[in-house]
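Q: Please see the structure below; I have some questions.
The values are calculated or read from the model by the stated rules, or taken from the named source; none is laboratory data. Keep in mind it's a predicted model, so treat the numbers as computed, not measured. Using ideal geometry, Cβ is built from the backbone for each residue, glycine included, and neighbour counts are taken over all protein chains shown.
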Amino acid sequence: MTASPLPSLPLPPGCQPLDRDWPWRQSLASAQFSAMRFETSALAAIDSSTYRIELSERLLASADKRRAEYVAGRLCAQQALQGLTHETSAPGQTSAGPPAWPRGTVGSITHSRGLAAAAVASRDHVAGLGIDAEARIPAERARRLAPQILVEAERDWLATLDDTAASEFVTTAFSLKESLFKALFPLVERRFYFHDARLIDWQPAERTATLELLTTLSPHWPAGARLAGQVTEIDDHLLTLIAIPRQS
């Protein structure tokens, strides 16, 4: 007999749950996903401990927006972890900043303009996981921001694109590089930046892309290493994923 799924955790006022189905085209073993829309003012006013989310003194003293984003991300992480482990804990925060996932799990959290999401998976299958949500960057702003986000080869690529494609390209590159950092930083324990990787393949129709490291981050992650990424949409946001299989 198959056990009945546990009920979803209740969400506080100001939160609207979204579809919990895996949003990317390619599945990931053991992975769970959760996303929601949230209202900053409503979420900043709650007692987070009621929802088993502990805030540091720094977060308690932070602006409403920062505190609401943190709580929203942890609520999504709770939902995703419940689907994976049947437990309802929320990850804390490591001294280096990333979430402190429960033993045996790996995950990632993102938030952007009232949207929060989290993905988790078993460490038996996934060594690193990064997700990132970004509202589409308008073409004019995308071209203006390009030197901060893109390396020379990517900027040359951008110069060949019309405005619609340029907006999609820069937003995708920005988001994938954020996802790359979230996936790799816990493994290499070294900070790196936008210009330490480049987009070498982008297939908008297939919603896939490939990134290449331009900097050696560790003996296991040298310059030239390549990682596959996926892209999807939630409302007006692009949502990217970098998943590192355990054998990597």
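Q: If you go through the range 230-238 one residue at a time, do you hit one that is assigned to a strand (DSSP E or B), acidic (Asp, Glu), out of contact with any helix residue (DSSP H, G or I) (no Cβ under 8 Å at 6 or more places or on another chain) and over 23 Å from ALA116 (Cβ atoms)?
A: Looking for residues that are assigned to a strand (DSSP E or B), acidic (Asp, Glu), out of contact with any helix residue (DSSP H, G or I) (no Cβ under 8 Å at 6 or more places or on another chain) and over 23 Å from ALA116 (Cβ atoms), one finds none in the range 230-238, hence no.
Q: Also, I was wondering about something else. Say we look at the range 21-45 and pick out the residues that are over 18 Å from ARG207 (Cβ atoms) and surrounded by fewer than 18 Cβ atoms within 10 Å (Cβ to Cβ); which of these is nearest to the chain's Cα centre (by Cα)?
A: ARG37
Q: Could you check how many residues of the range 55-105 are in contact with a His (Cβ under 8 Å, 6 or more places away or on another chain) and surrounded by fewer than 22 Cβ atoms within 10 Å (Cβ to Cβ)?
A: So the count comes out to 0.
Q: I'd like the full set of residues that are farther than 23 Å from ARG155 by Cβ and free of Cβ contacts under 8 Å to residues at least 40 places away in the same chain, limited to the range 175-190.
A: Matches in the range 175-190: VAL188, ARG190.
Yes or no, residue by residue, for (1) of a type in the set (Gly, Ala, Ser); (2) touching a residue at least 24 places away in the same chain (Cβ under 8 Å); (3) in contact with a His (Cβ under 7 Å, 6 or more places away or on another chain):
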site: VAL120; (1), (2), (3): no, yes, no
site: GLU154; (1), (2), (3): no, yes, no
site: LEU161; (1), (2), (3): no, no, no
site: ALA173; (1), (2), (3): yes, yes, no
site: ALA225; (1), (2), (3): yes, no, no
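Q: Tally up the residues in the range 72-102 that are without any contact (Cβ under 8 Å) to a residue 40 or more places away in the chain and among the small types (Gly, Ala, Ser), please.
A: Residues flagged as without any contact (Cβ under 8 Å) to a residue 40 or more places away in the chain and among the small types (Gly, Ala, Ser) within the range 72-102 amount to 6.
Q: Before we move on, is ARG226 within 22 Å of ALA153 (Cα to Cα) and basic (Lys, Arg)?
A: So ARG226 passes the test.
Q: Looking only at the range 68-90, decide whether some residue is acidic (Asp, Glu), under 20 Å from the mean Cα position of the chain (by Cα) and either in the same structural domain as ALA228 (by TED's automatic domain parsing) or assigned to a helix (DSSP H, G or I) (or both).
A: Yes, some residue in the range 68-90 is acidic (Asp, Glu), under 20 Å from the mean Cα position of the chain (by Cα) and either in the same structural domain as ALA228 (by TED's automatic domain parsing) or assigned to a helix (DSSP H, G or I) (or both).
Q: Then there is this: Restricting attention to the range 120-139, does a residue exist that is among the β-branched types (Val, Ile, Thr), touching a Lys or Arg at 6+ places or on another chain (Cβ under 6 Å) and either in a strand (DSSP E or B) or buried (at least 16 other Cβ atoms within 10 Å of the Cβ) (or both)?
A: No, the range 120-139 contains no residue that is among the β-branched types (Val, Ile, Thr), touching a Lys or Arg at 6+ places or on another chain (Cβ under 6 Å) and either in a strand (DSSP E or B) or buried (at least 16 other Cβ atoms within 10 Å of the Cβ) (or both).
Q: Here's another thing I want to ask about it. Within the range 140-160, work out how many residues are in contact with a Ser or Thr (Cβ under 9 Å, 6 or more places away or on another chain) and either outside any helix (DSSP H, G or I) or of a type in the set (A, V, I, L, M) (or both).
A: Residues that pass the stated criteria total 1.
Q: Cβ-Cβ below 9 Å, separation at least six or inter-chain, first residue in the range 7-19 and modelled with pLDDT under 90, second exposed (fewer than 11 other Cβ atoms within 10 Å of the Cβ): which pairs?
A: Partner pairs satisfying both residue conditions: none exist.
Q: For the structure I just gave you, tell me whether SER95 is hydroxyl-bearing (Ser, Thr, Tyr) and at pLDDT 90 or above.
A: It is false that SER95 is hydroxyl-bearing (Ser, Thr, Tyr) and at pLDDT 90 or above.
Q: Specify which of the listed residues (PHE174, PHE185, PHE192, PHE181) is modelled with pLDDT of 95 or more and in a loop (DSSP other than H, G, I, E, B).
A: PHE192
Q: Something else now. Farther than 18 Å from SER112 by Cβ and either of a type in the set (A, V, I, L, M) or not assigned by TED's automatic domain parsing to the domain that holds VAL231 (or both): is that true of ALA139 in this structure?
A: For ALA139, the condition - farther than 18 Å from SER112 by Cβ and either of a type in the set (A, V, I, L, M) or not assigned by TED's automatic domain parsing to the domain that holds VAL231 (or both) - is met.
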